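Peer 1: Mind having a look at this structure? Questions to follow.
The values are calculated or read from the model by the stated rules, or taken from the named source; none is laboratory data. Quick caveat: nothing in here was measured; it's all calculated off a predicted structure. FYI the Cβ positions are ideal-geometry reconstructions off the backbone, even for glycines, and counts take in every protein chain you see. Surface accessibility is based on the protein's heavy atoms, side chains included, excluding ligands, DNA and RNA. Shrake-Rupley method; radii C 1.70, N 1.55, O 1.52, S 1.80 Å.
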Amino acid sequence: MDHSGHGMTMDLPPFTLGRGLQWSADPFFLVACLVGLGLYAYGVVKLRRRGDAWSAGRTVSFVVGVLTIMLVMCTRLNDYGMVMFSVHMVQHMVISMLSPILILLGAPVTLALRVLPAAGKGRKGPRELLLALLHSRYMRIITHPAFTIPLFIASLYALYFTPLFDFLMGSKTGHLAMMVHFLAVGVVFFWPIIGVDPGPHGRGI
């Protein structure tokens, strides 16, 4: 399956790993990754200053997880992924399986709950809203295996065996939406399985 007919990427030289790893940032993913790293670092520093321990392993896992997203979305691998099915599949596997596992092992929800202050009696701050979201019916449904396993499988079939794939690959926005979807599906799929962060089904710390 070759998508080299799309005009905007026809000028790419033949693929080599060196060319694929050249910097070519997707602005959306670049900003999202940098914000994620910044917030996580802020949380860890705040905990340490307070005298609370936070596992270095979790920090490394989260950082490496975000870097794997940047590896496939902020380099020319993303450009080649739009015209070469093999590169696209590498992107897909990393962003739907490797990145979510590493990010979840970094326990970002646990970190947020430890850092965010309680709003006080009868008031609702960010911490209370996060807890309400975690325990909402919506989150219980979208992280339940009866939902995530069919979603994981259906996403693959709906994309790769219908005209939807060609349609989405035809534009940068479509390709971006596909990658965001894969990342989100990966996170909700692996979240209850890994069980490091507290979730709607009572797993975690």
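Peer 1: Limited to the stretch 146-165, what total is found for residues that are surrounded by 13 or more Cβ atoms within 10 Å (Cβ to Cβ) and of a type outside the set (F, W, Y)?
Peer 2: Counting residues in the stretch 146-165 that are surrounded by 13 or more Cβ atoms within 10 Å (Cβ to Cβ) and of a type outside the set (F, W, Y) gives 6.
Peer 1: Another one. Sort out which residues of the stretch 70-86 are in a helix (DSSP H, G or I) and open to solvent by less than 10 Å² (accessible area, probe 1.4 Å), and write them in order of number.
Peer 2: Answer for the stretch 70-86, where residues must be in a helix (DSSP H, G or I) and open to solvent by less than 10 Å² (accessible area, probe 1.4 Å): V72, M73, Y80, G81.
One line per residue, one yes/no per condition, for (1) under 15 Å from P100 (Cα atoms); (2) touching a helix residue (DSSP H, G or I) at 6+ places or on another chain (Cβ under 9 Å); (3) outside any helix (DSSP H, G or I):
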site	(1), (2), (3)
M139	no, yes, no
A154	no, no, no
A158	no, yes, no
T162	no, no, yes
F167	no, yes, no
F190	yes, yes, no
V196	yes, yes, yes
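Peer 1: Return only the number of the condition from (1) in a loop (DSSP other than H, G, I, E, B); (2) among the aromatic types (F, W, Y); (3) within 22 Å of H175 (Cα to Cα) that W54 does not satisfy.
Peer 2: Failing condition for W54: (3).
Peer 1: Further question on the same structure: Given the structure, is A184 open to solvent by 30 Å² or more (accessible area, probe 1.4 Å) and under 30 Å from F15 (Cβ atoms)?
Peer 2: On the way: open to solvent by 30 Å² or more (accessible area, probe 1.4 Å): yes; under 30 Å from F15 (Cβ atoms): yes.
The answer is yes for A184.
Peer 1: Does L39 fit the bill of being over 24 Å from G195 (Cα atoms) and out of contact with any His (no Cβ under 6 Å at 6 or more places or on another chain)?
Peer 2: Spelling it out, it is not the case that L39 is over 24 Å from G195 (Cα atoms) and out of contact with any His (no Cβ under 6 Å at 6 or more places or on another chain).
Peer 1: Out of the residues in the stretch 14-40 that are among the small types (G, A, S) and closer than 14 Å to V180 by Cβ, which is most open to solvent (accessible area, probe 1.4 Å)?
Peer 2: Checking each candidate, the answer is A32.
Peer 1: Another one. Among the candidates V72, V83, which residue alone is within 18 Å of T16 (Cβ to Cβ) and in contact with a His (Cβ under 7 Å, 6 or more places away or on another chain)?
Peer 2: Going through V72, V83 in turn, just one is within 18 Å of T16 (Cβ to Cβ) and in contact with a His (Cβ under 7 Å, 6 or more places away or on another chain): V83.
Peer 1: Further question on the same structure: Looking at the stretch 41-69 only, could you name the residues that are hydrophobic (A, V, I, L, M, F, W, C), free of Cβ contacts under 8 Å to residues at least 40 places away in the same chain and surrounded by 14 or more Cβ atoms within 10 Å (Cβ to Cβ)?
Peer 2: Within the stretch 41-69, V64, V66, L67 meet the criteria.
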